[in-house]
Amino acid sequence: MPDQERMARLPKVDQVLARPEVAGLMPELPRSLVVAGVREVLDGLRNRLLAGEDLPPAELEPANVAAAAAAAARRRARPSLRPVVNATGVVVHTNLGRSLLAERALERLIALNRTYTNLEYDLDAGRRGSRYVHATALLRELTGAEAALVVNNNAAAVYLALQTLAAGREVIVSRGQLVEIGGSFRIPDVMARSGAILREVGATNKTHLRDYEQAIGPDTALLLKVHTSNYAVVGFHQEVPLAELRALADRHGLPLMEDLGSGTLVDFTPYGLPREPTVLEALHDGADLVTFSGDKLLGGPQAGIILGRAELVERLRTNPLNRALRIDKLTLAALEATLELYRDPAAALEAIPTLRMITTPYQELRRRAAALARRLRRLKLARLRVELLDGESRVGGGALPLAAPRTRLLSLAVEGMSPTRLERALRANDPPIICRLEDGRLLLDVRTLLPPDGAVIARALARLAA
Ligand SMILES: *Cc1c(COP(=O)(O)O)cnc(C)c1O
């Protein structure tokens, strides 16, 4: 068939726009978006015709073109950043947004961004105040630190500290602690950008106090310890404890900083998890500055928290660079509300989703998994197979790398669909359901599921296995 004739079979833009499938979208979606959806579908069909493809006549039916155009318009209208169901069992999943906020933090976030606030206004004096007073009093109260500062994230905190205290001078750090965090954040690279000169000491597996001692010279500005939060060295391994570095720093009149990475205010060992140094311990053991993330084990919004000696924190605060790294008011509101919860540690474990998920007992997970399995079996889908099995979750966020809390998993199979295809189909669901593929099986870990997720999963499977 000549090209002309093929093209004549394509419906016209106006013809598709007049169809009820498309016209019906109009009050809900802007016309420009609907037109773009129609053009997208028609262009696709035209290109296939030009490529000589023999399209089945049904594909060119105005009703079918209109349905495809409506779907395309809806896809275009969808926000880029969307909710997903986290069925991976990785609690602080960096790709899925790390920590979920506590209800209290969410309420505060909304309330304080609907009205004007005293963000930088001193209500007593009636003049300009500082945004840095807001979460900092509470951080001092909770940790006993002399001073506190909050910046955009922990990478910014490390960068600001190095730039302020050690630009053009040397920072001594163990070779065993030159960490890459992911997203290509590498301690040595950040140091280089800050202008500080990295002085590596020791070996990959062992660093001794004397290694630090021998490296100290007139150019030394700072001793740095980096908590290797996302990996563990086992076997013939030694790092110098912070308390010993403290004594060395004192002998030479040097500041000592620890980048804790995750930074937790809670000791997780009573919940059967490996020991992770807490923020309080780092301060107690003598760090002059401690930095950590707001959205890892703390369970708050993205932020970089800096605690320590008042004189050092003040230097960081007044560094002009701080303006470029500064915390925004949305974060401050959510952070302060999250921190308030830590005044009652038992309540914090319940109210802060990250802490609640990490510490959910196995028996409870078992009960939830059984309930979800029952719900799916009640759908009576002949093609769906649901099995329950034990497994391990992950804390994630580069924290507690050896922790593998016991969990309960659902293994799902749909007849006629490979696990890989099922994984892709669930990921394409609206909202997307992100699962694990392990040993050729599709697994859902109930640890990270939220109460409404059961219904979402059931609906998706009812559609896929119908
Ligand atoms: C995660 C991490 C960082 C970076 O923190 P962000 O808040 O993601 O910027 C820095 N150092 C260590 C040791 C970390 O684990």
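Overall size of the range 304-371 from C-alpha positions, given as principal axis extents largest first: 56, 22, 16 Å. Taking only the alpha-carbon positions of the range 3-77 and ignoring solvent, what does the Debye formula give for the base-10 log of I(q)/I(0) at q = 0.15, 0.23, 0.26 Å⁻¹? Here log10 of I(q) over I(0) equals -0.45, -0.95, -1.15. Helix 31-50 and the longest principal axis of the C-alpha atoms of the chain enclose an angle of approximately 70°.
A dipole drawn for the range 3-77 from +1 and -1 charges on Cβ atoms has a positive end, and of A23, L45, L55 the residue lying farthest that way is A23. Antiparallel beta bridges, as assigned by DSSP with both residues in the chain, represent about 55 percent of the total such bridges. Comparing the range 307-466 with the 2.2 N^0.38 Å rule of thumb, its C-alpha radius of gyration ratio is 1.39 (two decimals). Given +1 at the Cβ of Lys and Arg, -1 at the Cβ of Asp and Glu and no other charges, the dipole of the range 298-423 around its Cα centre is 640 debye to the nearest 20.
With +1 assigned to the C-beta of every Lys and Arg and -1 to the C-beta of every Asp and Glu, and no other charges, what is the dipole magnitude of the chain about the Cα centre in debye, to the nearest 20? Intermediate results must be reported in sequence, preceding the final value.
On the way: 62 positive and 54 negative charges, 335 e Å.
Using Cβ point charges on Lys, Arg, Asp and Glu, the chain gives about 1620 debye.
If the chain linking D43 and I110 were pulled fully straight, counting 0.36 nm for each residue of separation and taking away their Cα-Cα distance, it would gain 19.9 nm. Counting only lysines at least 8 places from K296 when in the same chain, those with an alpha carbon closer than 22 Å to its own are K225, K329. Extent of the range 48-150 along its three principal axes (Cα atoms, max minus min coordinate, largest first): 76, 37, 26 Å. Each listed q (0.11, 0.17, 0.20, 0.24 Å⁻¹) maps to a log10 I(q)/I(0) for the range 219-294 from the Debye sum over equal C-alpha point scatterers, namely -0.30, -0.70, -0.92, -1.19.
For the set Y132, Y159, Y271, Y116, solvent exposure ranked by accessible area (probe 1.4 Å, protein chains only) runs largest to smallest as Y116, Y271, Y159, Y132.
Given the C-alpha centroids of the range 344-417 and the range 24-60, what is the distance between them in whole angstrom? One Cα centre to the other: 42 Å. Binning all Cα-Cα separations of the range 221-366 at 5 Å, short to long from zero, yields these whole-percent fractions: 2, 8, 16, 19, 19, 15, 11, 7, 2, 1, 0, 0.
The peptide list 325-333, 54-62, put in order of mean Cβ contacts within 10 Å with the highest first, becomes 325-333, 54-62. Close amide H pairs (under 5 Å, H built 1.01 Å from N) link V85 with I433, I434, residues at least 5 positions away or on another chain. Here's the picture: charge each Lys and Arg Cβ at +1 and each Asp and Glu Cβ at -1 in the range 63-130, and of P83, A72, T117 the one pushed furthest to the positive end of that dipole is A72. Once C-alpha pairs closer than 8 Å and six or more residues apart are averaged by separation and normalised to the residue number of the chain, the relative contact order reads 18 percent. Peptides 220-230, 416-426, ordered by how many other C-beta atoms sit within 10 Å of their residues on average, highest first, read 220-230, 416-426.
What the pair-distance distribution of the range 177-221 shows, using all Cα-Cα distances binned every 5 Å from zero, is 5, 19, 23, 24, 20, 8, 2 percent. For the range 169-264, the equivalent ellipsoid derived from the Cα gyration tensor has semi-axes of 20, 17, 12 Å, listed largest first. Nearest 10 degrees, 0 to 90: what angle lies between the long axis of helix 242-252 and the longest principal axis of the chain (Cα atoms)? So the inclination is approximately 50 degrees.
Shown here is the pair-distance distribution of the range 250-305: with all Cα-Cα distances grouped in 5 Å bins from zero up to the longest one, the shares run 4, 19, 26, 21, 16, 8, 4, 2, 0 percent.
For the chain, the spread of Cα positions along the three principal axes, ordered from largest to smallest, is 88, 53, 47 Å. Protection proxy ranking of 4-10, 316-322, 406-412, by the mean of other Cβ atoms within 10 Å over each peptide's residues and highest first, is 406-412, 316-322, 4-10. Axis of helix 453-464 versus longest Cα principal axis of the chain: the two differ by about 30°, to the nearest ten degrees. Hydrodynamic analysis of the range 101-351 uses the Kirkwood radius over alpha carbon pairs. Inserted into Stokes-Einstein at 4 °C and 1.567 mPa s, it gives a translational diffusion coefficient of 69 µm²/s.
Counting only heavy atoms of protein chains, what accessible area per residue, in Å², does the range 357-466 have with a probe of 1.4 Å? On a per-residue basis, 49 Å².
Toward the positive end of the charge dipole of the chain, about the Cα centre and with charges on Cβ (Lys, Arg +1; Asp, Glu -1), which of L224, G398, V173 goes farthest? Working it through, the farthest residue towards the positive pole turns out to be G398. Projecting the alpha carbon convex hull of the range 90-196 along each direction and taking the average yields 10.4 nm².
The values are calculated or read from the model by the stated rules, or taken from the named source; none is laboratory data. Since the structure is predicted, the reported quantities are computational estimates derived from the model, not experimental observations. Heads up, the Cβs are rebuilt from the backbone with ideal geometry, glycines too, and the neighbour counts pull from every protein chain shown. For the accessible areas, the whole protein counts, side chains as well, though only heavy atoms, and no ligand, DNA or RNA atoms are used. Shrake-Rupley method; radii C 1.70, N 1.55, O 1.52, S 1.80 Å.
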